Protein chains: 2
Amino acid sequence: MTSHTIATDDLRLPNGVRLACREGRHTGTTRGLAIGFVQCNLVVIRRKHAYEFLLYCQRNSRACPVLEVTDTGDPEPKRMAPGADLRTDLPRYAIYRSGQRMPDRTSILELWQDDFVAFLIGSGISFDQALERAGVCTTRDRWVLRTSLPTIPAGRFHGPLVVTMRWLSPDQAITATQVTSRFPSNHGAPLHIGDPGLIGADLSDPYFGPPIKTVPPSVVPVFWACGVTPQEAALAAEVDIMIAHSPGHGFVTDVDAASLALP
Amino acid sequence: MTSHTIATDDLRLPNGVRLACREGRHTGTTRGLAIGFVQCNLVVIRRKHAYEFLLYCQRNSRACPVLEVTDTGDPEPKRMAPGADLRTDLPRYAIYRSGQRMPDRTSILELWQDDFVAFLIGSGISFDQALERAGVCTTRDRWVLRTSLPTIPAGRFHGPLVVTMRWLSPDQAITATQVTSRFPSNHGAPLHIGDPGLIGADLSDPYFGPPIKTVPPSVVPVFWACGVTPQEAALAAEVDIMIAHSPGHGFVTDVDAASLALP
C-alpha cells in the first residue's frame, strides 16, 4: 500500500514519471501525468540525416517546434531535463526501420548508437492544463488524423501534415483558440476549424482514435498541427533507423509549461 | 529628375530595393527602406557546417531566429522573396575567411559555390515601423554592443551574445517592451533594461556606433538580442568562408512585417 501511494505521488512530478519509466513501472500514456510540465515528442535519427531533419522542422515549425536537440551521441537533454536519459525515460518507443514500423519497445538502451541525435519537439499535451483551467475538457474526444495538406519538404523528408482534432462546443472552440495561441512552442493556435473536408482530414482512418462515422451535433471540430507529422516524414524518407515516442507516450521535462506561454 | 523620383519610389517597395542593390544603384543601409516589410540578416556558409550552425541558431533563437534556409547551392529564398537572388540583392556583404574579416563586397556572385547554404535570420529592423507608430523613434541613439553573456555552443559555433541598445525615456522603454514582445521572430522583447554592467555590455568599444563615455540623464538603456551574434559565432568557429550582410545592410523580403507579429 505504501509503495502504491509513493508511485502515485511520483507520477505528479517529472522526475517521478521518468524514474517509473526507467524502472519499467510505467509503460502507459503520459497524458495526465506531471500536469503543468512541458511534455515533448521524441525523434531520434542518425547524425547524417540530422541537418535535413532539423531543416524540415524549421520549415514546418507549426507541426515540429524544436525545443531541444542533444549533442551527437549524448542521450541527456541537458537543457530541459538535466540528468535524464532519453534511452529509458519514456514509457514506450516507436521503432522505424527503412520506412517500416517495428514492434514498440519500452527502452532503447540496446539500440542506441554513437551517431544518434535526439530531437525534443513541442507537444499539445503541454497546454492541456491551461485548457482545463479555461474550462475545456482535454480527456476525451480526441483524434490524430492525416490531412491532404503537404508539408514543406527538406531533402528526403516530406509528407502530409498530421493534425490533432477535438470536438468542442462553439464557445469552447473560441476559448481553446485563445488559450493555445499563447503556446507557439507547442503547435500554437488551431490551423483549422470546421469542415474536415477542407483540409482533407480522413475521418474514416484515424492515426489514433476510433474511426468516425458522423460528426455529432452542436460541436465544431477543431484541428491543431500534430507532433506525429515528423514521424510520417521520417517514414516517407525511409531512413535506415528512426526512433520516436509511441503516440501519447511522451517525454516529461522539468520545464514549467507556463514558462513557454506568451504573456 | 524623373529617374531620381523613380529611384526614390522604388526604395519604398521590396523589389525596388532588391533591384537597386542588384544593379549597383544602392549600396547604403537598408534601414528606413521598404518600411513595413520584414528585413533579414544573412549568413551564408558551406553545407558541411550547416547542421552545427542551424543547431546554434535553434539553441540561441532569441539572437538567431531563423526565418528561412535555402536549399544547398540555391541562392533564391523561395518562401520570403520568390525570384530574388541572395548573391546580388543585398547592398553590402561582410566576408569572413578563417576568422578574419575581409573587405566588404556589393555582390557575391563570384564567391558563390554549389555547397553554399543561405540562412535568413530575423532582424529588429522589422519592428521599426511598429515602434514608430507607437511613438518610439528608431532613427537615432542606437548601438550594437558585445556582452559578457555566453551563447549556448553548438559544435564549433560559440561566442558572446551581441545586443542592440537604445536610449529610451522610461515610458518609451515600457512601450517598446510591449511592442517588441509581439515580434518573437525578430528578437522579441528586450533581454535587459538598465545597468549595462549587469550584462557586461562594453560601452567603450561598440560594434556599431560611437564609443559611449557617459549615460545621458533621464533615459534608460534598453537591450535586445542582436542578429550580429551569429557573425561573432562564425568568426569564433573560424570556418574557411562565411558571408553575411554588412551590419545595417539587410535583405528586404516580400513578407509584411505585421504578419510575423503576434495578435
Label zone at B:SER259, where the point sits 7 Å out along the Cα-to-Cβ direction: segment B:183-198 residues whose backbone N lies under 20 Å
B:183-188
Just grab the label-to-label distance for B:THR177 and A:GLU23, each label 7 Å out from Cα along the Cβ direction, in nm (one decimal).
4.5
Spelling it out for B:HIS192: with amide H atoms placed in the peptide plane at 1.01 Å from N, the residues 5 or more places away or on another chain with amide H under 5 Å from its amide H are B:PHE223
Residues of A:64-71, mean number of Cβ from any other protein chain within 10 Å of their own Cβ, rounded to a whole number?
2
A:SER169 paired with B:ARG140, simple spin-label distance in nm, labels 7 Å along Cα-to-beta-carbon:
5.7
Which of the peptides B:59-71, B:218-230 is most tightly packed, and how do the rest follow, going by the mean number of other Cβ atoms within 10 Å of each residue?
B:218-230, B:59-71
Identify, for chain B, the residue whose C-beta comes nearest the rotation axis onto chain A, and round that distance to whole Å.
B:TYR51, 2
Label distances, nm, A:THR29 versus same residue in remaining copies, Cβ-directed 7 Å point:
5.5
Report ³J(HN,Hα) in whole Hz for each residue of segment A:146-156, in order, from the Karplus equation J = 6.51 cos²θ - 1.76 cosθ + 1.60 where θ = phi - 60°; Gly and Pro get x.
6, 10, 9, 6, x, 8, 7, x, 9, x, 7
If the label for B:SER259 sits 7 angstrom from Cα along the Cα-to-Cβ line, what are its distances to the same label in every other copy, in nm to one decimal, shortest first?
3.4
Please report how far the C-alpha centroid of segment A:201-246 lies from that of segment B:171-249, rounded to the nearest whole angstrom.
42
Where in segment B:222-263 does the amide nitrogen come within less than 19 Å of the point 7 Å from the Cα of B:THR106, taken along Cα to Cβ?
B:244-252
Mean separation of Cα contacts under 8 Å (6+ apart) over length of chain B, as relative contact order %:
30
What is the set of long-range amide H partners of A:TYR207 at a cut-off below 5 Å, with H atoms built 1.01 Å from backbone N?
A:VAL144, A:LEU145, A:ARG146
Cα-Cα over 31 Å, subset of B:LYS48/B:LYS78; A:LYS213/B:LYS78; A:LYS78/B:LYS78:
A:LYS213/B:LYS78; A:LYS78/B:LYS78
Using amide H atoms built in the peptide plane, which far-off residues or other-chain residues are under 5 Å from B:GLU68 H to H?
B:LEU120
Peptide A:223-230: average number of partner chain Cβ atoms within 10 Å per residue?
0
Would you please state which residues of segment B:141-161 a label at B:SER204 would reach in this model, taking the label point 7 Å out along Cα→Cβ and a backbone N cut-off of under 17 Å?
B:145-148
Find every distance from the label point of A:GLU76 to the corresponding label point in the other copies (7 Å from Cα along Cα→Cβ) and write them in nm, one decimal, shortest first.
4.7
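Read the figures in this text as sums done on the coordinates, not as results from a lab. Every value quoted in this text rests on a predicted model; they were computed, and no experiment measured them. Cβ: placed from backbone, ideal geometry, glycine included. Neighbour counts: every protein chain shown.
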